[in-house]
Amino acid sequence: MAEPLADEPVDLPLLGSERVFDGRVWDIRRDAFELGGRRIEREYMDHPGAVAVLALDGDDRAFLIKQYRHPVRTRDWEIPAGLLDVHGEDPLAAAKRELAEEADLEASEWSVLVDFFTSPGGSDEAIRVYLARGLTATAHVFAREDEEADMETQWVALDECVDAVLARRIQNPSLAIGVLAAHTARTRQWQSLGPADAAWPGRSTPRRDPAAP
């Protein structure tokens, strides 16, 4: 019987690794490794990883955020999300924090919906998307700054979200992948959902130079 379709983790010994740009949120790293008898060098974003939350209410409406994103000069529709920039932070705890801070919501039911790499040819960023249900308002409204202070929010039917993705009207990856995964999971009576504390072997593990502070 054929093995199930799955990515294959590979841990090639590094011939060298250096941080060539030290950024405020993420760094650029240059690694040298041997593959097929050849020395190869690649530069990539050394990213802390992130979590995102697809929050669905009792009517299968998703909580969406419209937020300005400067690199693409777009106010795009997104789902609540945030960086795992606290060393060793539990991803579920981070997801709960982001849902509260960006949506003023908390949830009684949490599941892992999908994991993905955002751009594996140029970044080690991994994102875990949680499904949150059993929603209630938080006890207080969170203050928001910078781009978040300009956020627009909306509840949108899951089917309408899927239509927008397939019509290429929305392009945020966490939203697009999350709603397509949720739509498929719903047709399977949610049997594909993972436990909220499921192992995450592909989680980003930012590398730091030994001499770096």
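Nothing in this text is a laboratory measurement; each read-out follows from the coordinates by a stated rule. These figures come from a predicted structure and were not determined experimentally. A quick note on method: Cβ atoms are made from the backbone with ideal geometry, for glycine too, and the neighbour counts reach across all protein chains shown.
Descriptive notes on the structure:
- With neighbours defined as other Cβ atoms within 10 Å of a residue's Cβ, the residues 66, 96 order from fewest to most as 66, 96.
- A simple charge model with +1 on the Cβ of Lys and Arg, -1 on the Cβ of Asp and Glu and nothing else charged puts the dipole of the chain at about 440 debye relative to its Cα centre.
- Exposed loop positions in the chain were taken to be chymotrypsin sites (Phe, Trp or Tyr not before Pro) whose DSSP state is not H, G, I, E or B and which have at most 14 other beta-carbon atoms within 10 angstrom. Between these positions, the longest stretch is 1-141.
- Dipole-positive endmost among 190, 5, 107 within the chain (Cβ charges, Cα centre): 5
- Counting every other Cβ atom within 10 Å of each residue's Cβ, 128, 24, 29 order from fewest to most as 24, 29, 128.
- In plain terms, the residue of 101, 34, 78 with the fewest other Cβ atoms within 10 Å comes first and the most crowded comes last, giving 34, 101, 78.
- Mean separation of Cα pairs under 8 Å and 6 or more residues apart, divided by the residue count, gives the chain a relative contact order of 22 percent.
- Taking amide H positions as modeled 1.01 Å from N, with prolines and chain starts lacking one, the residues under 5 Å from residue 47 and 5 or more places away or on another chain are 124, 125.
- Taken about its Cα centre, region 12-94 carries a charge dipole of roughly 440 debye when the Cβ of each Lys and Arg holds +1 and the Cβ of each Asp and Glu holds -1.
- Sequence-ordered 3J(HN,Hα) estimates for region 185-202 from the Karplus curve with 6.51, -1.76 and 1.60 and θ = phi - 60° stand at 4, 5, 5, 9, 6, 6, 6, 8, 5, x, x, 4, 9, 4, 4, 10, x, x Hz, glycine and proline given as x.
- Between the residues 36, 21, 174, the greatest Cα displacement towards the positive end of the dipole of the chain, with unit charges on the Cβ of Lys, Arg, Asp and Glu, is found for 36.
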